[in-house]
Amino acid sequence: MSEQTVVNPQTMENLVSLCKRRGFVFASSDIYGGLASAWDYGPLGVELKNRIQRFWWREMTQLHDDIVGLDAAIMMHPRVWEASGHVESFADLMVEDTVTNERFRWDHLPEQNREQMVSPAGNPLSQPKEFNLMFKTHLGPVQESSSVVYLRPETAQGIYVNYKNVLQTSRVRIPFGIAQVGKAFRNEIVTKNFIFRTCEFEQMEMQFFVHPSEDEKWFEYWKEERMQSYRRMGVRVDRLRFHRHGPDELAHYAKDAFDIQFLFPFGWQELEGIHNRTDFDLRRHSEYSGKDLTYLEDATRERYLPYIIETSAGLTRSVLMVLSDAYEEETIAEGDVRTVLRFHPELAPITVGVFPLVKKDGLAELARDIERDLRADFTTFYDQSGAIGRRYRRQDEVGTPFCVTIDYQTRENNTVTLRERDSMAQQRVPVAELAARIKQAITEYKRTGT
Ligand code: ATP
């Protein structure tokens, strides 16, 4: 799929700066000047990433009783990658600017540049050559060909090689799925757009095993189900669309494929791929391992190799998607612009900010007590420094959906101010009802456009 023109570079720049400033994402090895396109997730970033992962896991396993989980090792037997086709054909075509030596992915260059064989800077390009994306290393002390292992470029293969283990040890019968979240590695020719495309990333993949005659039905089901899942996650409807792969885009294993694309600040780009992988993977693993991977249908005694429908989403890419979707610079009054991350409350790294109006007169202690009580149900953040308006804005900027302020009235009648992030509306709430009111607001939360 081709990278597209920049839609709003300023938004992206502001978002990246906010991520660093507020502890969502840091450059890797920052004190050494960073490592190209490698990123670390800070205190708020890891909370956001974990919540997105938990949302996906719940949707896939808890809400689908025909899907079970798995956590396979990153390093696998090297034959796995021969069988999967990755050793032979997991390559991108790459060209180089012959003057600046800058490298480009052939399929990412505009048509005109490809026809004229010139780089975006106007210099001649080298002939396209294949570049395998797998990271190779050695297992054990001897660096010889027999000890070669690869860092997995996708989590899917760990599921295929465990499919019989799962079948034999759990109660699943076809149709059923196996879900997995984990790291994957690709030696990408061009990494760019912050955490969008990196060499080390995380995937959330689910492989659904079906009878070959039912592949199209399940493909359709998962395509719709995954789109609905993003909507349940609170992503705005007009930011999501399908893109069907044309014959030239289809991967070597795929009979049909759709991407779910999201409108990032730099254009429409893939968020998740839904693929009909047919029986390609199981057939190849059968051949290469010599193991029978067929499935025996109990009722009919029919024996066959199942087809696989894959849903493959990027977790780290989803973090960027959720941040981009949430990010807004809102004009409150002339000259007063607030930056707000309108996260769905289920995804927000902090759910409730708790502030005493002032530190003195016992208000700080009272606020601490209230905050401690809320901790059992929510992720809280206590802040007693600065003007109250500034404290609200600081929480808006990291997407905290609720703030609670303790003032002199609290001492008199045990009520607090509950402020809601999106509308900035404030209401007086009895302390005894606070947790229930916040829970209700989370359940009823709906952002405009979702
Ligand atoms: P592309 O053609 O853009 O390189 P792809 O189509 O090969 O990507 P898939 O193999 O379908 O990507 O990967 C499934 C998902 O994994 C993608 O939709 C994306 O969310 C995520 N992903 C793939 N490569 C990367 C990467 N380098 N960095 C971050 N996420 C990635």
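The values are calculated or read from the model by the stated rules, or taken from the named source; none is laboratory data. Nothing here was measured: the structure is a model prediction, and the numbers come from that model. Cβ coordinates were reconstructed from backbone atoms using ideal geometry, including for glycine residues, and neighbour counts include every protein chain displayed. Just the protein is used for accessible areas: all its heavy atoms, side chains included, with ligands, DNA and RNA removed. Shrake-Rupley method; radii C 1.70, N 1.55, O 1.52, S 1.80 Å.
Pairs are defined by a Cβ separation below 9 Å, a sequence spacing of at least 6 or placement on different chains, a first member in the range 260-276 that is farther than 17 Å from Trp218 by Cβ, and a second member that is within 9 Å of the ligand (Cβ to nearest atom) and β-branched (Val, Ile, Thr); the pairs so defined are Glu270/Ile260; Leu271/Ile260. The condition (being assigned by TED's automatic domain parsing to the domain that holds Tyr295, within 30 Å of Tyr445 (Cβ to Cβ) and out of contact with any Lys or Arg (no Cβ under 6 Å at 6 or more places or on another chain)) is satisfied by just one residue among Val235, Val210, Val172, Val161: Val235.
Of these, Tyr253, Tyr230, which one is crowded, with 16+ Cβ neighbours inside 10 Å and more than 17 Å from the chain's Cα centre (by Cα)?
None of the others qualify; the one that does is Tyr253.
Counting only strands (runs of 3 or more DSSP E) wholly contained in the range 234-330, the ones carrying 3 or more residues that are under 21 Å from Met206 (Cα atoms) and either within 10 Å of the ligand (Cβ to nearest atom) or in contact with a Ser or Thr (Cβ under 7 Å, 6 or more places away or on another chain) (or both) occupy 256-264, 267-276, 307-314. When the test is whether a residue is basic (Lys, Arg), within 16 Å of the ligand (Cβ to nearest atom), touching a strand residue (DSSP E or B) at 6+ places or on another chain (Cβ under 7 Å) and on the phi < 0 side of the Ramachandran plot, Arg342 does not pass it.
Hey, can you tell me all the residues within the range 59-86 that are within 10 Å of Gly177 (Cα to Cα), outside any loop (DSSP other than H, G, I, E, B) and open to solvent by 20 Å² or more (accessible area, probe 1.4 Å)?
Those that are within 10 Å of Gly177 (Cα to Cα), outside any loop (DSSP other than H, G, I, E, B) and open to solvent by 20 Å² or more (accessible area, probe 1.4 Å): Thr61, Val68, Gly69.
Scanning the range 207-222 for residues that are closer than 17 Å to Leu167 by Cβ and open to solvent by less than 10 Å² (accessible area, probe 1.4 Å) returns Gln207, Phe208, Phe209, Val210. It is to be established whether one or more residues within the range 403-410 are in contact with a Pro (Cβ under 7 Å, 6 or more places away or on another chain) and closer than 21 Å to Ile332 by Cα. There is no residue in the range 403-410 that is in contact with a Pro (Cβ under 7 Å, 6 or more places away or on another chain) and closer than 21 Å to Ile332 by Cα. Where strands (runs of 3 or more DSSP E) fall entirely within the range 119-215, those with at least 2 residues that are within 16 Å of the ligand (Cβ to nearest atom) and closer than 23 Å to Phe26 by Cβ are at 176-185, 200-210.
Condition check: under 18 Å from Val190 (Cα atoms), among the charged types (D, E, K, R) and surrounded by 15 or more Cβ atoms within 10 Å (Cβ to Cβ). Does Arg152 satisfy that?
No.
Take the conditions (1) of a type in the set (Val, Ile, Thr); (2) part of a helix (DSSP H, G or I); (3) open to solvent by 30 Å² or more (accessible area, probe 1.4 Å); Val358 misses just one of them, which is (2).
For the range 388-397, the count of residues that are farther than 26 Å from Val319 by Cβ and touching a residue at least 40 places away in the same chain (Cβ under 8 Å) is zero.
Hey, could you check the range 87-106 for residues that are free of Cβ contacts under 8 Å to residues at least 40 places away in the same chain and part of a helix (DSSP H, G or I) and say which is nearest to Gly158 (Cα to Cα)? For the range 87-106, the residue satisfying everything is Glu88. Residue count for the range 419-450 satisfying the condition of being among the basic types (Lys, Arg), surrounded by 12 or more Cβ atoms within 10 Å (Cβ to Cβ) and under 23 Å from Asp238 (Cα atoms): 2.
Checked against the criterion of being open to solvent by less than 50 Å² (accessible area, probe 1.4 Å), among the acidic types (Asp, Glu) and either free of Cβ contacts under 8 Å to residues at least 60 places away in the same chain or in contact with a Leu (Cβ under 6 Å, 6 or more places away or on another chain) (or both), the candidates Glu328, Glu297, Glu334, Glu371 yield just one match: Glu371.
Residue by residue through the range 337-353, note down the ones that are farther than 17 Å from Glu47 by Cβ and open to solvent by less than 40 Å² (accessible area, probe 1.4 Å). Passing the criteria: Arg338, Thr339, Val340.
Scanning the range 401-448 for residues that are acidic (Asp, Glu) and not in a loop (DSSP other than H, G, I, E, B) returns Glu412, Glu420, Glu433, Glu444.
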